[in-house]
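Read the structure below first, then the notes.
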Amino acid sequence: MSEQPRRPRKPGKPYRRPQKDPVRILAFEALRAVDERDAYANLVLPPLLRKARETGDFDARDAALATELVYGTLRRQGTYDAIIADCVDRPLREVDPPVLDVLSLGVHQLLGTRIPSHAAVSASVELARVVLGDGRAKFVNAVLRKVARDDLDGWLERVAPPYDEDPEDHLAVVHSHPRWVVSALWDSLGGGRTGIEELLAADNERPEVTLVARPGRATREELLGEEAAVPGRWSPYAVRLSEGGEPGAVEAVREGRAGVQDEGSQLVALALANAPLEGPDRRWLDGCAGPGGKAALLGAVAAERGAFLLASEKQPHRAGLVARALDGNPGPYQVIAADGTRPAWRPGSFDRVLVDVPCTGLGALRRRPEARWRRRPEDLDGFAPLQRGLLRSALEAVRVGGIVAYATCSPHLAETRAVVADVLKQHPDTDLVDARPLLPDVPALGEGPDLQLWPHLHGTDAMYLALIRRTA
């Protein structure tokens, strides 16, 4: 059998294997998990980073870059989508999601970081060759070269409608929020353009890591002895870690004597704990306790006063997280898996009750930027019956003279004042308590008697709190 003649090679550059970049591959994997599995980046990214460190592929700088690529791309997704749409010859929905993820990562490097343009394009094309193949890498290259012709301000002038013509759509594109979220936040603020722009900008900033020193178990002074630690702004138990601070490296956190907890969450718990009370103060209830941050702080404060805390959470796995957070609490407590709308306790059993109700999470978009793209206006209708049911049950659980705290991590009026107003119409035996004097050092809490925290004013999540006293 004669040997087959070899095909002549086509003239041109020899084939080169794509260069694998562990940082960008990891960032791409995280974005795919967020897109395909509706995962949250704050849950997906840590194990990916841990595995990369264990295999020796990553150092601290690599981890920081991967984190910035993932969170920066998710926060600016709306803006980047508008820019990419201007650079492709088809509707964005017709671009394969993995290709769009690579493009978004590239656009963030071009417009949202200090990475030189040639390096951002080159690295993104190499990533595309590894995860998409050479054919689609050419498409990525062509699109990113168009994006690289201008900076972010120039692109925003092109793709965002003028503010005077359509203020909500302008803000939605410039600050990367869905239009309906812009409208809802603007209504909640009740102010002018400056306030809404500052809030939307704050949603796109990387939040600080905040620790809580659980009273009786750890002190703020102990936590301030850690590297990169500075005092919190408002809570007497809060310590902020500057960029690069790692909570897992703090001994008190590892031992459960301290925890990671946004300062707004701490303030809500402390306002309830410090509300004036007539009569006994022996039994406290956290009726929606998962994942356990507020319960752990309340439990520690209750222990100092000789009070008992019952922490109830409907989902058994979240009840397990609550039990872990409370483990080692010096005072009496109990954790149960129970539905707060179908109480496992007798009416009038408690002196203080907290219900931090499930919500859209629009107050924590700094921490979960992907949530802004998943939520829809109709989600409000799904939460409304549960929020009202939990507040009604809380009012039945508290004794006459006792205090209920209705809290939610959303500033949307449909989840805050509308819920409280509707339920209190059915409960004439209640009074709203002015919550603002309970946080005397915190400014700009609103007109009262309820209070609203804001990322741009207080550096916290946008927590809402209403305190209600049962009068008869």
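The values are calculated or read from the model by the stated rules, or taken from the named source; none is laboratory data. A quick note: this is a predicted structure, and the numbers were derived from the prediction, not measured. Cβ atoms come from the backbone with ideal geometry, glycine included; neighbour counts cover every protein chain shown. Just the protein is used for accessible areas: all its heavy atoms, side chains included, with ligands, DNA and RNA removed. Shrake-Rupley method; radii C 1.70, N 1.55, O 1.52, S 1.80 Å.
Flag: L354 does not match the condition of being over 15 Å from R283 (Cα atoms), of a type in the set (A, V, I, L, M) and either surrounded by 17 or more Cβ atoms within 10 Å (Cβ to Cβ) or in contact with an Asp or Glu (Cβ under 8 Å, 6 or more places away or on another chain) (or both). Scanning the stretch 84-109 for residues that are part of a helix (DSSP H, G or I) and more than 25 Å from the chain's Cα centre (by Cα) yields a count of 8.
Does Y163 satisfy the condition of being aromatic (F, W, Y), over 25 Å from V357 (Cβ atoms) and modelled with pLDDT of 95 or more? Let's see the steps before the verdict.
Details: aromatic (F, W, Y): yes; over 25 Å from V357 (Cβ atoms): yes; modelled with pLDDT of 95 or more: yes.
Spelling it out, Y163 is indeed aromatic (F, W, Y), over 25 Å from V357 (Cβ atoms) and modelled with pLDDT of 95 or more.
Residue selection: V268 fails the criterion of being in contact with a strand residue (DSSP E or B) (Cβ under 8 Å, 6 or more places away or on another chain), of a type outside the set (G, A, S), open to solvent by less than 10 Å² (accessible area, probe 1.4 Å) and free of Cβ contacts under 8 Å to residues at least 40 places away in the same chain. Residues of the stretch 68-91 that are of a type in the set (G, A, S), touching a helix residue (DSSP H, G or I) at 6+ places or on another chain (Cβ under 6 Å) and closer than 14 Å to P369 by Cα: G72 alone.
When the stretch 276-300 is limited to residues that are within 25 Å of M463 (Cα to Cα), of a type outside the set (G, A, S) and open to solvent by 10 Å² or more (accessible area, probe 1.4 Å), the one that is nearest to the chain's Cα centre (by Cα) turns out to be P291. In the stretch 223-253, the qualifying residues are those that are among the charged types (D, E, K, R) and under 22 Å from the mean Cα position of the chain (by Cα), and the one that is surrounded by the fewest Cβ atoms within 10 Å (Cβ to Cβ) is E243. Of the residues making up the stretch 321-362, just one is over 28 Å from the mean Cα position of the chain (by Cα), of a type in the set (S, T, Y) and outside any strand (DSSP E or B), namely S349. Could you say whether any residue in the stretch 382-391 is crowded, with 19+ Cβ neighbours inside 10 Å and either under 21 Å from the mean Cα position of the chain (by Cα) or closer than 30 Å to A33 by Cα (or both)? Yes, some residue in the stretch 382-391 is crowded, with 19+ Cβ neighbours inside 10 Å and either under 21 Å from the mean Cα position of the chain (by Cα) or closer than 30 Å to A33 by Cα (or both). Tallying residues that are open to solvent by less than 60 Å² (accessible area, probe 1.4 Å), farther than 17 Å from L105 by Cβ and either assigned to a loop (DSSP other than H, G, I, E, B) or polar (S, T, N, Q) (or both) within the stretch 133-149 yields 0.
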